[in-house]
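Below: one structure, written as structure tokens.
Values in this text are rule-based calculations from the coordinates and carry no lab data. Everything numeric in this text was worked out from a predicted model, so none of it was measured. Every residue, glycine as well, gets a Cβ built from its backbone with ideal geometry; the counts of neighbours run over all protein chains shown.
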Amino acid sequence: MPPARRPFGRNYAFVAAAVVFLALLAAAGLRAAPGVLILPLEKAFGWDRGTISLAAAIGIFLYGLTGPFAAALMQSFGVRRTVTLALVLMAVSTGLSTLMSASWQFVATWGVLAGVGSGSVAMVMGATVVNRWFVERRGLMMGLLSAATATGTLIFLPGFAWLADSFGWQAVAITVALVTGLLAPLVWFLLPERPADIGHVPYGAGDDYVPPKGVSGANALAGAFGALGRAAKTRTFWLLFGGFFICGLTTNGLVGTHMIAFCGDMGMPIVQAAGLLALMGVFDLVGTTGSGWLTDRYDPRKLLFIYYAVRGISLMLLPWTQFDIVSLSIFAVFYGLDWIATVPPTVKLSVEAFGENDGPIVFGWIAAGHQLGAASAALGAGVWRASQGRYLEAFVLAGATALIAAVGSLAIRRVVRPAAAIV
């Protein structure tokens, strides 16, 4: 019996992408919440900033470390099952945090459990779905889905800040738990495993398209480490990994986790500071989607050079600006455009270098480097602020590392392969 067709024909690929966009948005919003919770938790429990930053750092690290295993699991166990279970785990862990009374419980819920759950709903999922559902417009769609991760990290912050300021930190946890819990059935019913399951082919593919074979469930773990072993022998992998380490360090690790607290140190109210990060999120949606469009047309190495260079200069100049709404708004616009514009070119270089089957898994390991860098900055900047009472050196050092990533991007060798979809 032929598979049941769904509405929209081949355009159902855009419905699948929209569902994934919402899931990525929610997972990224969860990862952003600890940045808003730093000051309220300090006030409620008396925990120091280093302790709270530890939970944020563990969550960010596991968010990245889960990626390559999630990518392999999606190819064997299935995207729909993996993402649905991950959303349930996020809802349960953040809901349980409302009962916590000790710092280790914050680490366990927002750090460990939420880190693993959100790591299964991250950029590697976007790469898997885009390569499975699209043959044409891959760069554009990868840019749009990548934007969801950064936009979700930033755009919800004013609302979270208002909830925490008005009703306490528990209101933030309850909101995240409800949103992720409600998304789980939406993913289950609206995200088919692959186009063939509903009688379609990927967007832009011909009627004679035949998808390649996938991997078995028993090979998921071996597939993750096997892809890493093959990639780790190449210079391209380490240049991409190092660049993405610095990308994470300079975005959600430093700015995403500590920018609100930094502004608070400079006398800016928490809700106003969160609004600046939300402004970054709005412009990130434009910048990262535009980066996907550019990636389809221009050398991704040169794009990475520009993105990292602009980011480094911006960070190095930030501590020397006046912390007023005008100067910070200008920073938010430029930094937002560049926030995670690095993802589409990095995905393209990964798939070019390592192939359609290994590429998304290898990108998962590269994304783990992103979160390792983010975790380092989240913890390091928090410890520095706790010991020295300032953030100045953390921001200047981060800017310098971005300039190093810019130069390293030009040293990547390209291996151009014909496009094909993965399963």
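Odds and ends about this structure:
- Under a 5 Å amide H cut-off, with hydrogens placed 1.01 Å from N, residue 120 pairs with nothing among residues at least 5 apart or on other chains.
- The longest stretch of the chain left intact once loop-based GluC sites (Glu not before Pro) with at most 16 other Cβ atoms within 10 Å are removed from consideration, loops following DSSP, is 194-423.
- Proximity of backbone amide H atoms, modeled 1.01 Å from N, is registered between residue 203 and 134, 135 at under 5 Å, excluding neighbours fewer than 5 places apart on the same chain.
- Kirkwood hydrodynamic radius over Cα pairs of the stretch 289-374, then Stokes diffusion coefficient at 25 °C and 0.890 mPa s, in µm²/s: 171
- From the largest down, the stretch 272-423 spans 51, 30, 28 angstrom on the principal axes of its Cα atoms.
- Semi-axes of the equivalent ellipsoid of the stretch 1-101 are 36, 15, 12 Å, computed as sqrt(5λ) over the eigenvalues of the C-alpha gyration tensor in descending order.
- Counting only Cα atoms, the size of the chain along its three principal axes is 63, 46, 36 Å, in decreasing order.
- The eigenvalues of the Cα gyration tensor, multiplied by 5 and square-rooted, give the stretch 67-199 an equivalent ellipsoid with semi-axes of 30, 17, 13 Å from largest to smallest.
- Cα-Cα P(r), the stretch 335-392, percent of pairs per 10 Å interval: 21, 34, 26, 14, 5
- Counted as membrane-span-like here are DSSP H helices of the chain whose alpha-carbon atoms extend 18 Å or more along the helix's own axis and whose Kyte-Doolittle mean is 0.0 or above; these are 12-45, 49-76, 79-96, 138-155, 169-190, 235-248, 270-295, 300-317, 325-338, 343-388, 392-409.
- Listing 203, 63, 307, 12 from fewest to most neighbouring C-beta atoms within 10 Å gives 12, 203, 307, 63.
- Estimated FRET transfer efficiency when R0 is 45 angstrom, pair residue 42-residue 238 (beta carbons, to 0.05): 0.70
- Label reach from residue 388 (point 7 Å along Cα→C-beta): in the stretch 314-355, amide nitrogens under 17 Å belong to 315-321.
- Residue order, fewest to most surrounding Cβ atoms within 10 angstrom, among 146, 376, 93: 376, 93, 146
- Projection of the Cα convex hull of the stretch 174-333, averaged over all directions and equal to a quarter of that hull's surface, yields 14.3 nm².
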